[in-house]
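Peer 1: Quick one: the structure is below, questions incoming.
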Amino acid sequence: MSAEYASFGLAPAMRAGAVTADGNYQVHRDFTDFIIDGRPLLFQLSDLDAVSPLAADVPPAIFTAQVRGLLLEADPPLAGGRHLIYGCPECEGLECGAVTAVIERAGDDVVWRDFAWQTDEQVDLERNGYHGIGPFRFRGDQYRAELSRLLAAAEPAAHRRVLLIGARAAVFAKLAGALRIIGIGAEITEDVTAIPPQELATYGAVAFGRAVPESRRTAVREAFERAGADVAYVDGLAPVVPLLVAQIEDALDRSPAAQRRLTALVAEDSTAGVEVTSTCRVTLTAYRLDRLYRTHVHEVFDDVLEAGQHRIPLDARATKGRSFIVARTTGSVLVSPLAR
């Protein structure tokens, strides 16, 4: 065991939900991620689609129990002193697979070691261990202070809600339904003045339809400012539900930019510029509106990219006319209109 210390921290993170053109979806999850030596631990685990046990949508009693387990104030939930570090974002079962590790005291310090991919009660470290990750030795005072901050709060961060404001009722009704399916609360209104300030403060984003005039947008912003609400504003690019969902997911991502996998997307002519901070799978989807405002969807890229900047060619058939590009990685999504 190396005597070298690793720094331990916590930061908000998100597993972006999605609604695809064929009706499939994945659930939105807000959670707290582990930051080790200034970098999310999740990014060291290849292209893993997972969340920590410190999720915002679990009941407060379960959230508290998870934190106390990491503080070693309760018995480990798995055999061999193992604790859940990351699990399936869609369910709670170990059968889907989870990243686990032994957490133990070393004097006043805390050590995380023997990381492994686990699907049942027993772990084969030789076969399923993450041999290049850890062990990590944390100073006990720093480790306990970070986790204790979560217990000091009354409850984990509230689940995000979105307020939809626009003239196209049919589109926004479908959008609200899609957001609710993936776990994001959504309401539609034409007049925010009737909403109490304390309720306005529960929203994480406001989405405007393209037909909403600037005077009305200004009134909405002023109402949220008076309520002291910190919200992100989304200007809908086109009446395409999966595209609008992606825009809203991007707006709801409050994690620090340096702790995201996908940090830049620029679509211009026949090329998309993408920047990622760690090796991960990236998908690019083009949404195109034809002259009759019919939507055409094209999957234009799906591959693993190394950390850095990349130029990806776009099929001209997928991007003629008014087109928009959605880039996704595990936990991140960005949207860009195609510039000519």
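The values are calculated or read from the model by the stated rules, or taken from the named source; none is laboratory data. Please read these numbers as outputs of a predicted model, since none were measured by experiment. Here the Cβ is made from the backbone with ideal geometry for all residues, glycine too, and neighbour counts use every protein chain on show. For the accessible areas, the whole protein counts, side chains as well, though only heavy atoms, and no ligand, DNA or RNA atoms are used. Shrake-Rupley method; radii C 1.70, N 1.55, O 1.52, S 1.80 Å.
Peer 1: Determine, yes or no, whether LEU237 is touching a Phe, Trp or Tyr at 6+ places or on another chain (Cβ under 7 Å), open to solvent by less than 50 Å² (accessible area, probe 1.4 Å) and of a type in the set (A, V, I, L, M).
Peer 2: Working: touching a Phe, Trp or Tyr at 6+ places or on another chain (Cβ under 7 Å): yes; open to solvent by less than 50 Å² (accessible area, probe 1.4 Å): yes; of a type in the set (A, V, I, L, M): yes.
So LEU237 passes the test.
Peer 1: Here's a follow-up. Of all residues in the range 23-47, how many are among the acidic types (Asp, Glu) and surrounded by 22 or more Cβ atoms within 10 Å (Cβ to Cβ)? I'd like the intermediate steps shown before the answer.
Peer 2: To start, the set of residues in the range 23-47 that are among the acidic types (Asp, Glu) comprises 30, 33, 37, 47.
Subsequent filtering for residues that are surrounded by 22 or more Cβ atoms within 10 Å (Cβ to Cβ) retains 30, 33.
Going through the range 23-47 one residue at a time, the tally reaches 2.
Peer 1: Can you name every residue in the range 48-67 that is out of contact with any Phe, Trp or Tyr (no Cβ under 6 Å at 6 or more places or on another chain) and either in the same structural domain as ARG260 (by the TED database) or surrounded by 15 or more Cβ atoms within 10 Å (Cβ to Cβ) (or both)? Explain how you work it out, then say what you get.
Peer 2: So in the range 48-67, the residues out of contact with any Phe, Trp or Tyr (no Cβ under 6 Å at 6 or more places or on another chain) come out as 48-49, 53, 56-67.
Hits for the range 48-67 are LEU48, ASP49, PRO53, ALA56, ASP57, VAL58, PHE63, THR64, ALA65, GLN66, VAL67.
Peer 1: In the list ARG328, ARG294, ARG288, which residue meets the criterion of being among the charged types (D, E, K, R), farther than 21 Å from LEU42 by Cα and crowded, with 16+ Cβ neighbours inside 10 Å?
Peer 2: Numbers: ARG328 fails: farther than 21 Å from LEU42 by Cα; ARG294 fails: crowded, with 16+ Cβ neighbours inside 10 Å.
Exactly one of ARG328, ARG294, ARG288 is among the charged types (D, E, K, R), farther than 21 Å from LEU42 by Cα and crowded, with 16+ Cβ neighbours inside 10 Å, namely ARG288.
Peer 1: Taking the options ASP49, ASP33, ASP57, name whichever one is of a type in the set (D, E, K, R) and at pLDDT 90 or above.
Peer 2: On the way: ASP49 fails: at pLDDT 90 or above; ASP57 fails: at pLDDT 90 or above.
Unique residue meeting the criteria: ASP33.
Peer 1: Pairs, please: C-beta under 6 Å, at least 6 apart or cross-chain, first residue on the phi > 0 side of the Ramachandran plot and in the range 37-65, second among the hydrophobic types (A, V, I, L, M, F, W, C)?
Peer 2: ASP37/ALA6
Peer 1: I'd like to check something: does the range 181-204 contain any residue that is at pLDDT below 90, crowded, with 16+ Cβ neighbours inside 10 Å, assigned by the TED database to the domain that holds ASP253 and more than 27 Å from ALA55 (Cβ to Cβ)?
Peer 2: yes
Peer 1: Take the residues of the range 133-160 that are part of a loop (DSSP other than H, G, I, E, B) and open to solvent by 80 Å² or more (accessible area, probe 1.4 Å): which is modelled with the highest pLDDT? Walk me through how you get there before you give the answer.
Peer 2: Of all residues in the range 133-160, those part of a loop (DSSP other than H, G, I, E, B) come to 133-135, 139, 153-160.
Now narrow it down to the ones that are open to solvent by 80 Å² or more (accessible area, probe 1.4 Å): 139, 154-155.
Values: ARG139: 96, ALA154: 48, GLU155: 50.
Checking each candidate, the answer is ARG139.
Peer 1: Select from the range 242-263 the residues that are open to solvent by 30 Å² or more (accessible area, probe 1.4 Å) and touching a residue at least 12 places away in the same chain (Cβ under 8 Å) and write down the one among them that is nearest to THR295 (Cα to Cα).
Peer 2: If we filter the range 242-263 for residues that are open to solvent by 30 Å² or more (accessible area, probe 1.4 Å), which is where we start, we get 250, 254, 256-260, 263.
Now drop any that are not touching a residue at least 12 places away in the same chain (Cβ under 8 Å), which leaves 250, 254, 256, 258-260, 263.
Details: ASP250: 21, ARG254: 30, PRO256: 33, ALA258: 34, GLN259: 34, ARG260: 30, THR263: 27 Å.
This residue is ASP250.
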